[in-house]
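Have a look at the structure below, then the notes.
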Amino acid sequence: MATRQPQGESNSALIKSFSKYARGYDKHARLQKQMAERLASFLPEIIPDQILEIGCGTGLFTQHLLAHPLKTLILNDIAPDMVERLQNKLTLPRGCQIKVGNAESMEFQQVGLIAANAVFQWFKSPSETLKLLDSYLKPPGNLIFSTFGPATLAEFRQTASLESPASLLTLSQWKKLIHKAGFSLISSASETRKSFFPDTLALLKNLQQIGATPYRMTHSSDLRRLIKEYDENYSTQQGVYATWELLYFSAKNKT
Ligand SMILES: C[S@@+](CC[C@H](N)C(=O)[O-])C[C@H]1O[C@@H](n2cnc3c(N)ncnc32)[C@H](O)[C@@H]1O
C-alpha cells in the first residue's frame, strides 16, 4: 500500500524533473546501475530482516535487496512516478511498504539497515538528515549509501560558471558528517569515471533523461554558447566527456 506526504515548495522542481523522465530512466541511467552494483558489495554479510531504502527510484538498487529473503522492505521516494515505474517493473514481497515523500522530513519505523543509491546529493540538509536516519536504525544498524563527489560534472559548472543544484560534498566532508550523526564508519570508497557522448547536446539530453540537469538556462543564447564552448573544450576522438566522482559509504550506528 502506498502512502504519500505533502511536499514543500522547494522540492517541487526536483519531483517534477524525476517524475517527468521516470519512464525512460532505466534506459539512460547506466552509471546509476553500475553504482547500484558496487553499492550491493557494501551490504552487510547478514542482511537484517527490516530494510528501508531511501530514494528507491525505479528500483535499480531495490533489485539487489530483493535477491535476499526479507521480512520488511520499506521503499521511499519523493517522486511518485519513479515509484510507480518500480511497482510496474518489480514483483514486490508481501511485507513491502511504499512511502512516497521527502526522506528529510518524514517518519519511518525502526529498521536494521538503511540503503540509498545515488540519492543523498539531493538532500538540502545532509547533516540533519543523517541524524534523523540514525534515529530509524535499531542499534547496531547499518547505513550504506552512494553519492556524487564535487568533481562530478565539473566541466559544466566551469563552462557555465554556475553552482551545482546538488550538495556535492567531498569524501572527507561526508565522513565528518557520518561521525557527527553518531555512526562509526565501516568502509568507504571513491572512483572517478568519464562518460562519453557524440556531442554536448547528446550529453545534455542524457542528463535530462535521468532527471539530473546540472543547471538552468533562462536564455537560449546562453545555452548555445555553453554547447559551443563545451564542444570546443571537452572534445576527444571518442566524443565529448563528462566526469563523475562516485562515493560509497558503509557505517554502523552505535549501541
Ligand atoms: C539519481 S535517482 C536514483 C534512484 C535509484 N536509487 C537508483 O539507484 O536508480 C535519485 C532518486 O532520489 C529521489 N530523491 C531525491 N531527493 C529525495 C528526498 N529528499 N527524499 C526521497 N527521495 C528523494 C529522486 O526522486 C530519485 O528517484
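Quick note: the coordinates plus some simple rules give every number you see, no bench work behind them. The model shown is predicted, which means the values in this text are computed figures rather than measured ones. FYI the Cβ positions are ideal-geometry reconstructions off the backbone, even for glycines, and counts take in every protein chain you see.
Reported count of residues in segment 118-132, each being surrounded by 20 or more Cβ atoms within 10 Å (Cβ to Cβ) and under 15 Å from Ile74 (Cβ atoms), is 1.
Taken over segment 26-62, the residue count meeting the criterion of being within 12 Å of the ligand (Cβ to nearest atom), aliphatic (A, V, I, L, M) and more than 15 Å from Ser146 (Cβ to Cβ) is 1.
Within segment 76-102, the set of residues being more than 10 Å from the ligand (Cβ to nearest atom) and within 21 Å of Gly211 (Cβ to Cβ) comprises Glu84, Gln87, Asn88, Lys89, Leu90, Ile98. In segment 217-234 there is at least one residue matching the filter, namely being surrounded by 14 or more Cβ atoms within 10 Å (Cβ to Cβ), within 24 Å of the chain's Cα centre (by Cα) and either over 24 Å from Lys20 (Cβ atoms) or in contact (Cβ under 8 Å) with a residue 24 or more places away in the chain (or both). Within segment 96-109, residues that are at positive phi have Cβ atoms under 9 Å from residues that are in a loop (DSSP other than H, G, I, E, B) and crowded, with 19+ Cβ neighbours inside 10 Å in these pairs: Gly101/Ile78, counting only partners at least 6 apart in sequence or on another chain.
Output the residue which, of all residues in segment 136-161 that are touching a residue at least 12 places away in the same chain (Cβ under 8 Å) and either among the hydroxyl-bearing types (Ser, Thr, Tyr) or exposed (fewer than 15 other Cβ atoms within 10 Å of the Cβ) (or both), is farthest from Asn117 (Cα to Cα). Here the answer is Thr159. Within segment 70-91, the set of residues being under 16 Å from the mean Cα position of the chain (by Cα) and either surrounded by fewer than 17 Cβ atoms within 10 Å (Cβ to Cβ) or not acidic (Asp, Glu) (or both) comprises Leu75, Asn76, Ile78, Ala79, Pro80, Met82, Val83, Leu86.
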